[in-house]
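Written below as structure tokens is the structure these notes are about.
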Amino acid sequence: MSRPVTMALLGAGARGSTFSSFAEQFPERAQVVAVADPRTDRRDALADRLGVAQDRRFGDWRELAARQRLADAVIVATPDREHADPAIRCAGLGYHVLLEKPIAPTWAECAGVVDAVEQADVILAVCHVMRYTAYTEAVKQVVAAGRLGQIIGVEHLEPVGWWHFAHSYVRGNWRRADQSGPSLLTKCCHDLDWLRHVVGRPAVAVSSRGALHHFTAANRPSGAADRCLDCLVEPTCPYSATRLYLGFLDDPKRRQWPLSVVTTDLTERGVRRALRDGPYGRCVYACDNDVTDHQVVTIEFDGGVTATLTMSAFTPHGRRRTRIMGSRGFLEGDGRQATVTDFVTGKAEPVTLDGAGQTAAGGGHGGGDFGVIGAFADAVASGDRSLIRTGPRESLDSHRMAFAAERSRLTGLRVELSEQRSAAG
Ligand SMILES: NC(=O)c1ccc[n+]([C@@H]2O[C@H](COP(=O)([O-])OP(=O)(O)OC[C@H]3O[C@@H](n4cnc5c(N)ncnc54)[C@H](O)[C@@H]3O)[C@@H](O)[C@H]2O)c1
């Protein structure tokens with residue numbers, strides 16, 4: 001294909017905007033030719049920026065999908081519960097599909113998406129962005145080259161962070177399992193996918209423990225009000241929305257996220273109004289949240305390698321931490337840099353990151369955002385599906401691990417992955 005891959009964007013929110021930036025920076029590789037979003041302000045702002053024609057702007061992905069195919073591919077960047085239907089419908093129309101994670105909130109829908117893309121014979125790339133970073137490539141190379149010897153175990157922490165958890169998983173869009181899925185799926189399907197990739201073997205069983213420990217009415221301090229703006233104990237509360245969001249006004253990075261999710265009026269007056277009326281001003285002990293705030297998963301991989309994954313709200317907001325234990329060496333990494341301790345020399349040495357160009361290519365997630373859309377655009381242009389680092393069945397496998405872990409958490413039982421294949425989710 002000698003022209004850029006044309007894409008229709010479904011969902012002009014934070015992620016849609018990130019992927020649009022790729023098309024702006026690399027117009028020879030991708031062009032956004034249609035945008036669908038019920039929020040006219042977001043849709044038109046993005047469509048104006050990208051030069052999308054008026055008759056290619058839609059109020060819902062369904063309106064776009066009611067027409068004949070008008071691009072090579074779709075980017076599905078709608079909320080989690082609006083992933084499966086547009087992916088399945090658009091695959092049926094012959095669009096290749098770049099799909100935000102999770103594939104869908106339920107196992108049955110996830111399997112339905114993968115069946116649909118296989119039946120339509122279109123390319124599916126699930127946005128497992130961590131696979132597309134220079135850091136991941138380097139860690140994978142260390143393991144694959146045998147520098148650590150036989151891999152015995154992995155310890156992996158996803159430190160969600162106290163305020164990020166309160167923002168997204170207590171007050172925000174990912175607070176309820178019935179709306180977006182369990183937090184292990186929405187936050188950590190990436191991590192499960194990453195662990196599987198680095199270990200290089202399929203998982204055979206998972207066990208998990210965890211709960212919604214803290215953000216419940218039972219932990220509400222006496223004197224707390226339903227909204228932080230009215231609350232007497234707000235000054236000493238770690239989760240004060242007033243302190244958090246007003247504090248972000250002076251921080252350019254935090255204005256972009258998460259403040260722009262709270263309000264489009266990024267002034268003190270605008271933020272106060274949003275905290276008075278909107279979901280992000282609510283007391284964390286008086287929300288309708290139900291997802292787990294601390295969870296541990298033990299994964300048994302084929303061949304006996306074990307890994308533990310801890311997802312926790314009760315940390316500083318930071319990069320994932322990983323320790324890989326091998327018979328000849330030990331790797332410790334933080335999502336950006338890693339060191340290997342060699343057991344022969346006893347010395348710890350930094351791991352050299354190749355792919356620096358990819359990270360410099362931009363987007364968030366250490367270059368993974370642009371990495372995934374770039375690989376997808378190139379795969380569509382060339383027909384080379386091997387450019388997608390996690391194919392449909394492998395992505396489904398990673399999601400299977402999350403659903404199985406949730407089942408284990410709820411039943412207290414170890415779950416064999418073969419059982420999950422037939423479970424309804
Ligand atoms: N890969 C990652 O690392 C990563 C990171 C963050 C979010 N996500 C996922 O990306 C997706 C989008 O997240 P976001 O933060 O951009 O959310 P967002 O709320 O900022 O954007 C979603 C957009 O979809 C629009 N929308 C809702 N219903 C629609 C419909 N019927 N038709 C068209 N548009 C519709 C909304 O109006 C909104 O503008 C979510 O599934 C989220 O879980 C992935």
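Read-outs: derived from the displayed coordinates by stated rules, not from any lab. Since this is a predicted model, take the numbers as computed values, not measurements. For neighbour counting, all protein chains shown are included, and Cβ atoms are generated from backbone atoms with ideal geometry for every residue, glycine included.
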Margin query: Using +1 at the C-beta of Lys and Arg and -1 at the C-beta of Asp and Glu, which of I75, L184, S398 has the Cα lying farthest in the positive direction of the dipole of the chain?
Written below: L184
Margin query: 7 Å from Cα along Cα→Cβ at both T411 and D378: what's the point-to-point distance in nm?
Written below: 4.2 nm
Next item on the list: State to the nearest 20 debye the size of the charge dipole of the chain about its Cα centre, where the only charges are +1 on K and R beta carbons and -1 on D and E beta carbons.
Entry: 520 debye
Margin query: What are the ³J(HN,Hα) couplings of segment 277-286, residue after residue, when phi is run through the Karplus curve with 6.51, -1.76, 1.60 and θ = phi - 60°? Round to Hz, x for glycine and proline.
Written below: 10, x, x, 7, x, 7, 4, 5, 9, 9
Note to self: Counting each pair of different Cα atoms once, what's the Kirkwood radius of segment 71-110 in Å, rounded to one decimal?
What the structure shows: 10.0 Å
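Can you compute the helix-only [θ] at 222 nm over the chain? Use -39500 (n - 2.57) per DSSP H run of at least 4 residues, normalise by all residues, nearest 500 deg cm²/dmol. Intermediate values should be presented prior to the final figure.
Details: 15 runs with 151 residues, N = 425.
After summing the helix terms and dividing by the residues of the chain, the value is -10500 deg cm²/dmol.
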Next item on the list: Run the numbers on segment 1-53 and let me know its relative contact order in percent, using alpha-carbon pairs under 8 Å that are six or more apart.
Entry: 40 percent
Notebook entry, point to check: Along the charge dipole of the chain, Cβ charges K/R +1 and D/E -1, which of A338, A23, P102 sits furthest on the positive end?
Noted result: A338
Note to self: Using the crude model of +1 on Lys and Arg Cβ and -1 on Asp and Glu Cβ, and no other charge, please compute the dipole size for segment 244-346 relative to its Cα centre, in debye to 20.
What the structure shows: 420 debye
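Based on the alpha-carbon gyration tensor of the chain and its eigenvalue square roots a ≥ b ≥ c, which shape applies: rounded if a/c is under 1.5, prolate if not and a/b is larger than b/c, or oblate? Each step should come with its number before you reach the end.
Details: a/c = 1.45, a/b = 1.04, b/c = 1.40.
Here the chain falls in the rounded category.
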Note to self: Just to be sure I understand the model, the point goes 7 Å from the Cα along the line to the Cβ. What's the resulting S260 to R81 distance in nm?
What the structure shows: 2.6 nm
Next item on the list: Name the residue, out of L246, L99, L195, whose mean-square fluctuation peaks in a Gaussian network model built on the chain with Cα pairs under 10 Å.
Entry: L246
Checklist line | Label zone at R201, where the point sits 7 Å out along the Cα-to-Cβ direction: segment 150-175 residues whose backbone N lies under 19 Å | finding: 150-156
Margin query: Using a Cα-Cα cut-off of under 28 Å, which lysines could be cross-linked to K140, ignoring same-chain neighbours fewer than 8 residues away?
Written below: K101, K187, K347
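Restricting the count to DSSP beta bridges whose residues both fall in the chain, what percent are antiparallel, rounded to a multiple of 5?
Values: 36 of 62 bridges.
Percent antiparallel among DSSP bridges in the chain is about 60.
In whole percent, what relative contact order does the chain give with Cα contacts below 8 Å and a gap of six or more residues?
Relative contact order here is 22 percent.
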Next item on the list: Using the Karplus curve 6.51 cos²θ - 1.76 cosθ + 1.60 with θ = phi - 60°, work out ³J(HN,Hα) for each residue of segment 195-203 in order, rounded to whole Hz, and write x for Gly and Pro.
Entry: 4, 4, 5, 5, 5, x, 9, x, 7
Next item on the list: Select from A217, G366, V291 the residue farthest towards the positive end of the dipole of the chain; place +1 on Cβ of Lys and Arg, -1 on Cβ of Asp and Glu, and compute about the Cα centre.
Entry: A217
Item checked: Under Karplus coefficients 6.51, -1.76 and 1.60, residue-wise ³J(HN,Hα) of segment 168-183 in Hz, glycine/proline x -> 8, 10, 10, 9, x, 5, 10, 7, 10, 5, 6, 9, 9, x, x, 5
